[in-house]
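Q: Just passing along the structure, written as structure tokens.
The values are calculated or read from the model by the stated rules, or taken from the named source; none is laboratory data. Quantities reported herein were computed from a predicted structural model and do not represent experimental measurements. Counting neighbours? That spans all protein chains shown, and the Cβs are built from the backbone with ideal geometry, glycine included.
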Amino acid sequence: MGISATESKKLRGEFLQAAADIFEKVLSKPPTPNVVELWNEHQEIRRVLDEITSKQAKLSDTDIQLSKMRSEKDVADFMTWADQIGIKRYGVTVSECDEVGGLGLLASKQIAEKDRCVTVPRHAMISVDLARKSAILKKVFESEVIVQNMANVGLALFICAHKVKTDSKWAPYLNVLPSFYTTPLFYTEDELQLLKPSPVFEEALLFYRTVARQFIYYLLMIGRNDVYDNTSRRERAGAQPPLLYNSPFTVDNFTFSLYRWSVGTVTTRINLIPSETARAADGTRKMVPALIPMLDMANHELIMGTEDLGEAVSYCLEDDCAEILATKDVAPGQWVSMFYGRRSCADHLLHNGFVPAGANPFDSYKLKISLGRADKNFKEKQKLFSEMGFSETSNVYLYDIGVGPSPFHPSMEQFARIYVSDMPAMAISDPATLRKAVEFLKNRFAILERSYGSIAEGKTLNEKNIASLKKAEVSILKNARIYCERWEKRLFEVVDKVSD
């Protein structure tokens with residue numbers, strides 16, 4: 001890109017060294033449980049990634065191509081491609097949906113509830129099965145531990161490869177996808193700070209760290225391709241080519257923006273389908289991740305009161321295709337939607353990039369309680385918690401706090417009794433410990449509720465999503481606090497009756 005071979009070699013050496021250093025110093029180690037330290041680490045990771053990105057930008061136009069906005073021609077090309085590859089539409093078309101700031105499926109005729117809207121044959125899907133047998137990634141799936149244990153990573157690498165290939169058969173589909181996503185993975189530092197005090201703040205930092213680690217790991221792996229090319233024929237004769245040697249990747253075009261975009265594409269659009277080849281121990285087909293063009297244009301809607309909310313996708317084994325069935329009667333000009341699954345608002349934001357409008361009956365708050373190592377009964381309490389099913393070595397415990405009249409699991413009473421007791425072994429049988437436990441829970445929920453303070457409405461889409469998340473979490477905490485207050489009141493009433 002207008003610079004000398006000497007300068008190019010120098011730039012590559014510099015950013016590969018920076019990648020190796022951050023991997024050795026930070027990313028090869030487990031994340032810290034301290035959120036303040038995790039944030040400081042995040043800033044360091046982001047600084048190094050920015051340094052790498054700025055040098056790659058002098059050698060490749062990957063990020064320029066990636067940032068191009070979708071055009072009307074891209075949508076038209078996608079529709080033509082979809083028709084040619086065998087995707088069938090029954091009275092629906094793809095159109096811009098202002099409500100979500102992206103594409104959606106729009107009904108062009110009356111569609112009855114349970115009628116088919118779209119069918120997508122297996123050969124039109126980007127699945128882990130496809131990635132596993134591809135020439136690009138076959139050796140990676142056979143030998144590489146990360147991909148073997150995390151199929152989504154293999155899918156993301158496959159998408160990266162076909163995004164940089166100029167002749168990919170999947171280009172019409174990939175070109176119509178958003179150029180960025182509204183998940184916290186794409187947030188600025190200021191936007192991440194706005195998430196506090198939500199538990200999503202820490203989860204977002206951990207996910208960003210994971211994606212950064214994977215990117216650096218694979219960038220360094222791709223760097224071995226040049227080393228292999230520069231070895232003599234005699235040396236090559238006794239060595240296997242690097243795992244990504246047959247890929248279209250170079251250290252110039254494999255950028256963090258590309259990998260992050262691919263991960264965002266997978267997390268926001270993924271569905272599970274029956275594998276073509278993989279079988280479980282009982283002989284049934286394993287479910288594998290897949291991207292399903294056209295079908296994944298349907299946006300989320302929860303239709304309460306139906307006999308079966310269903311999964312995100314229906315799969316017809318007889319026709320070997322994925323399909324969308326209308327969740328309700330749809331009139332011409334209305335959007336065809338599907339249910340994305342029983343997820344909390346936090347999970348919707350982290351993985352889908354939005355917070356559902358209205359009440360979410362599946363919402364929950366991840367309550368984290370740490371047991372101080374200075375507690376005089378630390379070992380005994382830790383042992384009792386492990387007997388309840390928690391890790392034997394951890395001192396951090398998580399409970400999902402839900403919505404509705406019973407906001408947490410009954411075992412939380414036992415947990416709280418042990419936590420507050422000076423005699424943990426006797427905690428379950430001591431009536432006084434119950435009152436102390438309920439007060440502890442009530443106060444914990446009250447403190448967390450107050451920590452949100454006044455929630456600003458937000459101006460940008462990301463800010464509005466953050467505000468919606470916080471309001472939902474405050475509602476959960478308030479409900480749990482009131483539940484404990486009523487519980488506490490009943491306990492005092494029992495004591496008063498006994499006293500009388």
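Q: I'm told Thr80 meets every condition in (1) assigned by TED's automatic domain parsing to the domain that holds Thr255; (2) surrounded by 13 or more Cβ atoms within 10 Å (Cβ to Cβ); (3) more than 25 Å from His300 (Cβ to Cβ); (4) not basic (Lys, Arg) except one. Can you identify the failing condition by its number?
A: (2)
Q: Residues in the stretch 247-267 that are buried (at least 21 other Cβ atoms within 10 Å of the Cβ) and either free of Cβ contacts under 8 Å to residues at least 12 places away in the same chain or polar (S, T, N, Q) (or both): how many?
A: Qualifying residue count, the stretch 247-267: 4.
Q: Would you mind stating whether Ser143 is farther than 23 Å from Lys68 by Cα, surrounded by fewer than 20 Cβ atoms within 10 Å (Cβ to Cβ) and of a type in the set (Ser, Thr, Tyr)?
A: For Ser143, the condition - farther than 23 Å from Lys68 by Cα, surrounded by fewer than 20 Cβ atoms within 10 Å (Cβ to Cβ) and of a type in the set (Ser, Thr, Tyr) - is met.
Q: Would you kindly identify the helices (runs of 4 or more DSSP H) lying entirely within the stretch 171-256 that contain at least 3 residues that are closer than 24 Å to Ala161 by Cβ and not hydroxyl-bearing (Ser, Thr, Tyr)?
A: The helices (runs of 4 or more DSSP H) meeting that bar are 171-174, 200-229.
Q: Within the stretch 452-478, how many residues are among the hydrophobic types (A, V, I, L, M, F, W, C), touching a residue at least 24 places away in the same chain (Cβ under 8 Å) and not in a helix (DSSP H, G or I)?
A: Adding up the residues that qualify gives 0.
Q: Let me ask something else about it. Does any residue in the stretch 414-433 that is not assigned by TED's automatic domain parsing to the domain that holds Phe492 come within less than 8 Å, Cβ to Cβ, of a residue that is part of a helix (DSSP H, G or I) six or more places away or on a different chain, and which pairs are these?
A: Qualifying pairs under 8 Å: none.
Q: Go through the stretch 145-158 and give me each residue that's touching a residue at least 24 places away in the same chain (Cβ under 8 Å) and over 14 Å from Lys133 (Cα atoms).
A: Across the stretch 145-158, the qualifying residues are Ile146, Asn152, Val153, Ala156.
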